[in-house]
Amino acid sequence: MPKFLSTARGLAAAAGGAAVGCGHAGDGNVHLAILLKDPVKRKQLLTDIFALAMELGGAISGEHGLGRAKTPYYLKLEDPAKIELMRRIKQSFDPTGILNPGVQF
């Protein structure tokens, strides 16, 4: 967690922004607030931070699920085979798509 937080803060500073975090130290779950006005730079910074998390063995989303905001990053960075498996699992439990419609998983 210390390596992730320090590197994420460094990436944010290099982009002209800031990253402020809190989380659950026991399970390694980090919640970051990314402060960067430029939407193009912010999108790239988020991509870089999510890629860093995955490189260090983490995941883009934790106990709260993927939601809508992180879906584009997840689809770009995650293993396509894993994404397909997750789609098939969701399909098996929700064949008509009525559970949380419009959300990836």
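The values are calculated or read from the model by the stated rules, or taken from the named source; none is laboratory data. What you see is a predicted model; the values in this text were computed from it and never measured. For neighbour counting, all protein chains shown are included, and Cβ atoms are generated from backbone atoms with ideal geometry for every residue, glycine included. We work out accessible area using only protein heavy atoms, side chains counted, and drop any ligands, DNA or RNA first. Shrake-Rupley method; radii C 1.70, N 1.55, O 1.52, S 1.80 Å.
Structure values in brief
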| item | result |
| --- | --- |
| Hey, Gly16 assigned to a loop (DSSP other than H, G, I, E, B) and out of contact with any Gly (no Cβ under 8 Å at 6 or more places or on another chain) or not | yes |
| Condition check for Gly97: under 25 Å from Met1 (Cβ atoms), over 16 Å from the mean Cα position of the chain (by Cα) and either of a type in the set (Asp, Glu) or surrounded by 10 or more Cβ atoms within 10 Å (Cβ to Cβ) (or both) | no |
| Restricting the stretch 73-88 to residues that are open to solvent by 80 Å² or more (accessible area, probe 1.4 Å) and touching a residue at least 12 places away in the same chain (Cβ under 8 Å), the residue that is nearest to Ser6 (Cα to Cα) | Lys76 |
| Any hit, the stretch 54-75, residues being under 30 Å from Ala12 (Cβ atoms), touching a Phe, Trp or Tyr at 6+ places or on another chain (Cβ under 6 Å), among the hydroxyl-bearing types (Ser, Thr, Tyr) and part of a helix (DSSP H, G or I) | yes |
| Qualifying residue in the stretch 36-51 (condition: farther than 25 Å from Phe105 by Cα, assigned to a helix (DSSP H, G or I) and either touching a helix residue (DSSP H, G or I) at 6+ places or on another chain (Cβ under 9 Å) or not aliphatic (A, V, I, L, M) (or both)) | yes |
| Lone qualifier among Thr47, Thr7 - being modelled with pLDDT of 95 or more, polar (S, T, N, Q) and over 15 Å from the mean Cα position of the chain (by Cα) | Thr7 |
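Listed here are the residues, each with its yes/no results for (1) surrounded by 10 or more Cβ atoms within 10 Å (Cβ to Cβ); (2) within 12 Å of the chain's Cα centre (by Cα).
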position: Val30; (1), (2): yes, yes
position: Lys37; (1), (2): no, no
position: Ala51; (1), (2): yes, yes
position: Gly58; (1), (2): yes, yes
position: Ser61; (1), (2): yes, yes
position: Arg68; (1), (2): no, yes
position: Thr71; (1), (2): yes, yes
position: Ser92; (1), (2): no, no
